[in-house]
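Presented below is the structure to which this report refers.
The values are calculated or read from the model by the stated rules, or taken from the named source; none is laboratory data. These numbers were taken from a predicted model, which means no experiment stands behind them. Every residue, glycine as well, gets a Cβ built from its backbone with ideal geometry; the counts of neighbours run over all protein chains shown. Side chains included, ligands, DNA and RNA excluded: accessible areas come from the protein's heavy atoms. Shrake-Rupley method; radii C 1.70, N 1.55, O 1.52, S 1.80 Å.
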Amino acid sequence: MTCEYLTNPLGIDVMHPRFSWKIQSEKRGVYQKAYQLIISESLDRVQHETGEFWDSGKVISDQTVNLEYSGIPLTSNKKYYWRVCIWTDDSDSVWSSPVSFHTGLLAESDWKAQWITTKEEILHESPVLRSEFRIEKKIKEAYAYISAGGFYEFFLNGEKVGDHVLDPGITDYRRTVLYSTYDVTRLIRKGDNAAGAMLGNGAFNMRKVEDRYSWGEERTFGNPCFIAQINVTYADGSQDVIVSDTSWKYTSGPITFNNLYGGEDYDARMELRDWNTVGFDDNSWSNAVLAAHPGGTLKSQLMPPIRVTATIKPVAETNPEPGVYLFDLGQNIAGWWRLQLKGASGQTIRIRGAETLNDSLFPKPLETADKLSTKFRYHSHTWTDYTLRGDEVENYEPHFFYTGFRYIEVTTSNRENLDILRVEGRVVRSALEQTGSFVSSDSLLNQIHLAGQWSQMGNTFSYPTDCPHREKGAYNGDGQVIAEAAMHDFQMASFYTKWLNDMRDSQEENGRIPNTSPTLVGGMGGGVAWGSAYILIPWWMNHYYQDIRVLKDHYTTMKKYIFYLKSLGEQDEKPDEPFIINYFDGYWYSLGEWCSPGRNDCPNHAVVNTFYYYYNTRLMSKIAETLGKKGDAWYFSALSDSIGQAFNEKFFNSKTSLYGTDDTYQTYQLIALTG
């Protein structure tokens with residue numbers, strides 16, 4: 001049973017959430033003939049089959065997906081319980097166990113907290129912030145709503161809250177900022193309490209540093225900033241709100257450098273023992289200042305967070321010379337390294353990762369004489385410099401950075417071996433539920449599918465990325481060509497819902513969807529196949545998940561994109577071919593198929609761009625028909641027919657019965673068959 005695709009979700013900020021369930025039976029061929037859905041704020045009432053907020057009554061229907069709430073208006077910061085009764089084909093009825101959903105802050109006025117930051121300009125370091133508050137009464141429940149411009153980690157009474165990493169998911173902060181909701185009831189106690197936070201630059205404050213790897217242009221919105229609000233409900237029914245404001249204090253922390261691309265440096269000698277617990281002496285700390293609002297609307301992060309999803313131990317390791325270690329995880333991953341070590345105080349070690357050894361093209365098992373590949377700057381100039389506190393066992397893993405690698409190199413500054421060194425790989429990704437699998441009698445096909453799954457997992461960081469080390473960009477083209485495979489392997493619905501909002505946020509005035517969404521990370525350029533993600537993903541969302549809401553929510557801006565394509569056909573280098581999208585806006589903006597096997601791109605960009613123009617328009621006709629917009633459906637159907645006719649006339653070779661008059665190219669034939 002799920003609400004907005006999530007199990008027992010916190011922070012639902014949709015006024016009419018949707019409910020879905022799956023029927024499990026030991027019998028074959030069981031199906032639903034009718035259902036009844038009830039919702040209450042009381043677990044006891046739901047258990048007694050009563051729902052005062054919504055009781056659908058018995059509905060004759062086999063629908064089990066995305067039933068939309070239509071009860072009493074929901075209120076902010078409240079937990080609701082729901083159950084479903086189904087009647088099966090043999091007229092048996094059965095009630096589910098109760099489950100829950102919790103609402104977030106539904107109105108802007110519900111936010112009482114303030115955005116805070118440091119007085120000084122933050123370049124590369126990670127500040128820490130803290131505050132203390134007092135609870136006088138017995139607590140019934142408490143929920144924390146947390147976000148940042150950049151990344152954060154949040155603590156209560158010395159314990160990290162939740163298991164999210166690299167939170168919040170990256171967005172265009174000028175349009176949207178995501179917040180996470182945590183149940184912190186058990187972490188808050190009667191009496192004095194302490195809250196703390198660490199801030200990371202993320203995509204909010206991307207600086208370029210000469211000796212560290214970076215990608216694209218330097219882009220900063222200013223200092224990383226932070227907002228926190230804890231809504232407390234007491235046993236007597238009264239409520240209280242604890243907020244971030246200028247009474248919070250800050251100082252420098254042990255993270256001396258953090259960059260989304262270049263890595264993270266950590267000086268363990270600067271650790272502040274118990275800084276996030278009650279009674280810590282912060283008299284030397286500075287008071288936080290109000291930060292400028294990032295600009296975007298605060299919205300709940302209704303998708304699986306980025307988490308550490310696996311830990312991989314090395315399958316081989318070498319120590320070829322004093323102070324140099326090399327580890328082989330046996331598997332290419334996206335994430336970071338975790339170390340347990342012991343050495344002298346002040347000794348610094350440098351940790352780097354790479355996908356290959358000896359500057360070769362392919363990975364291989366580690367052997368004694370091997371060296372880490374350093375021919376690419378995203379391997380050679382991406383690292384962690386860790387300075388030891390000394391004389392005790394220390395543990396470290398990064399907080400605000402990730403990369404892609406299989407091999408890990410550790411080098412000590414004085415080229416002397418450490419007393420203790422253990423290294424592991426930490427797999428980091430959006431924690432999407434795996435929902436599909438593939439196994440065949442062909443071991444090569446099985447290996448290809450497994451490699452594909454690892455590639456997908458290594459490129460889901462709140463949006464689909466092109467790679468976890470070089471660009472880390474939200475490339476729409478990469479994301480749409482893998483989308484149907486991803487939907488087979490993983491539950492992608494809530495992830496794609498967020499990504500489509502990124503596309504809408506990135507849409508330009510003329511209707512163009514850039515090749516990256518959000519545009520903060522990655523390069524620009526692309527072609528029609530990149531922006532087409534904004535038509536294809538909603539269509540597949542409805543096809544695979546019966547999600548008609550996503551079509552409704554984006555219909556107006558999807559139409560705007562179609563009319564942008566129409567203007568391209570009419571205003572490109574050959575306006576006398578209005579249904580063909582020829583060369584436009586320079587090479588990088590009118591790409592066809594990029595990085596095809598054996599060459600950089602396809603010979604004739606117009607074939608690919610025009611096909612996507614046709615395909616998008618045809619799908620828009622079907623989308624309009626699905627939404628009951630008959631006039632639009634007819635218009636887009638007629639337009640797609642005209643594009644298809646022009647495509648055939650220009651690109652079909654009647655002598656060879658193949659598409660593409662300049663070259664017999666595989667992609668040309670594939671897209672013609674698809675169309």
### Task
Based on a Kirkwood Rh over C-alpha pairs, give the Stokes-Einstein translational diffusion coefficient of segment 266-396 at 4 °C and viscosity 1.567 mPa s in µm²/s.
69 µm²/s
### Query
Given charges of +1 on the Cβ of Lys and Arg and -1 on the Cβ of Asp and Glu, with all other atoms neutral, how large is the dipole of segment 359-456 about its Cα centre, in debye to the nearest 20?
420 debye
### Query
Of all DSSP beta bridges located in segment 6-151, what percent are antiparallel, nearest 5?
95 percent
### Residue order for Phe495, Phe652 - accessible surface, 1.4 angstrom probe, largest first
Phe652, Phe495
### Query
Looking at segment 1-90, which chymotrypsin sites (Phe, Trp or Tyr not before Pro) are in a loop (DSSP not H, G, I, E or B) and have at most 10 other Cβ atoms within 10 Å?
none
#### Entry: Solvent exposure of the chain as accessible area per residue, Å², 1.4 Å probe
43 Å²
### Task
Only loop residues by DSSP count here, and only those with at most 13 other Cβ atoms within 10 Å; note down the GluC sites (Glu not before Pro) in segment 416-459 that meet that.
Glu416, Glu433
### Query
Based on the alpha-carbon gyration tensor of segment 330-484 and its eigenvalue square roots a ≥ b ≥ c, which shape applies: rounded if a/c is under 1.5, prolate if not and a/b is larger than b/c, or oblate?
prolate
### Query
Taking Cα centroids, how far is segment 325-361 from segment 5-74 in Å?
49 Å
### Message
In whole percent, and with a 1.4 Å probe on the protein chains, what portion of the accessible area of the chain is carbon and sulfur?
### Response
48 percent
#### Entry: DSSP bridge pairs, the chain: antiparallel proportion in percent, nearest 5
95 percent
### Task
Let me know the longest stretch in the chain that avoids all trypsin sites (Lys or Arg not before Pro) found in a DSSP loop with at most 10 other C-beta atoms within 10 Å.
416-598
### Query
At what distance in angstrom do the alpha carbon centres of segment 462-507 and segment 517-577 lie from each other?
14 Å
### Message
With an 8 Å Cα cut-off and a minimum separation of 6 or more residues, compute the relative contact order for segment 440-558 in percent.
### Response
23 percent
#### Entry: Relative contact order (percent, whole number), the chain, Cα cutoff 8 Å, 6+ residue spacing
10 percent
### Task
Run the numbers on segment 49-153 and let me know its relative contact order in percent, using alpha-carbon pairs under 8 Å that are six or more apart.
19 percent
### Message
To make sure I understand the rule: partners must be lysines, Cα under 16 Å from the Cα of Lys78, and not fewer than 8 residues away in the same chain. Which ones qualify?
### Response
Lys140
## Note on the structure
Projected onto the charge dipole of the chain (unit charges on the beta-carbon of Lys, Arg, Asp and Glu, signs +1, +1, -1, -1), the Cα from Leu260, Thr557, Phe151 with the largest positive-side position is that of Thr557
### Message
Please report the accessible area of Tyr378 (heavy atoms, 1.4 Å probe, ligands and nucleic acids excluded) in Å², nearest 10.
### Response
30 Å²
### Debye, to nearest 20: dipole size of the chain, +1 on Lys, Arg Cβ, -1 on Asp, Glu Cβ
780 debye
